[in-house]
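To keep things clear, I will list the structure first and then write my remarks on it.
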Amino acid sequence: MMPQREASEAGQSSSYGGYGGEQIDNQQQFESSYQRQSMGGAAGKLYPSAPDNHNVLRLIAFGMSLLTLIVMAVICLIIVGGSGGWISFCAASLAIFIIAVVAIDKIK
């Protein structure tokens, strides 16, 4: 007659009947660090967010483009004058506008 231990092992395959405590340890090995932090509760420090300077930078970019536009108006319309001055001023205005729009859009 077989001893009881051998009889119970003979009827079960190797995947059944193992100790369940090791499975929890194996699962904890593969958890991400985010899951470990969220399970730990409020153990980490909370820092205030940095001040938002984006609107100030946009305002500075707008002011610089406006100042450049005024300077180009003086140079093109008063110093150069005539139709050549107007054409130069329109070309400079378009270039300043495109540069200002791109610069303001890139500030995020």
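No lab work stands behind these numbers, since they all come straight from the coordinates. Quick caveat, the model's predicted, so the values are computed rather than measured. All Cβ positions, even for glycine, are placed from backbone atoms using ideal geometry, and neighbour counts span all protein chains on display.
Below, the figures for the structure above:
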item: Residue 93-residue 64 pseudo-label distance in nm [points 7 Å out on the Cα-to-Cβ vector]; result: 2.3
item: Calculated FRET value between residue 45 and residue 78, using beta carbons and R₀ = 41 Å, to 0.05; result: 0.10
item: 3J(HN,Hα) from dihedral phi, the range 64-79, Karplus parametrisation 6.51/-1.76/1.60, rounded to Hz, x for glycine, proline; result: 5, 5, 5, 5, 5, 5, 5, 4, 5, 5, 5, 5, 6, 8, 8, 6
item: Rounded if a/c under 1.5, otherwise prolate or oblate - the range 41-105, Cα gyration tensor axes; result: prolate
item: In order through the range 90-107: 3J(HN,Hα) via Karplus (6.51 cos²θ - 1.76 cosθ + 1.60), integer Hz, x for Gly, Pro; result: 5, 5, 5, 4, 5, 5, 5, 4, 5, 5, 5, 5, 5, 5, 5, 5, 6, 6
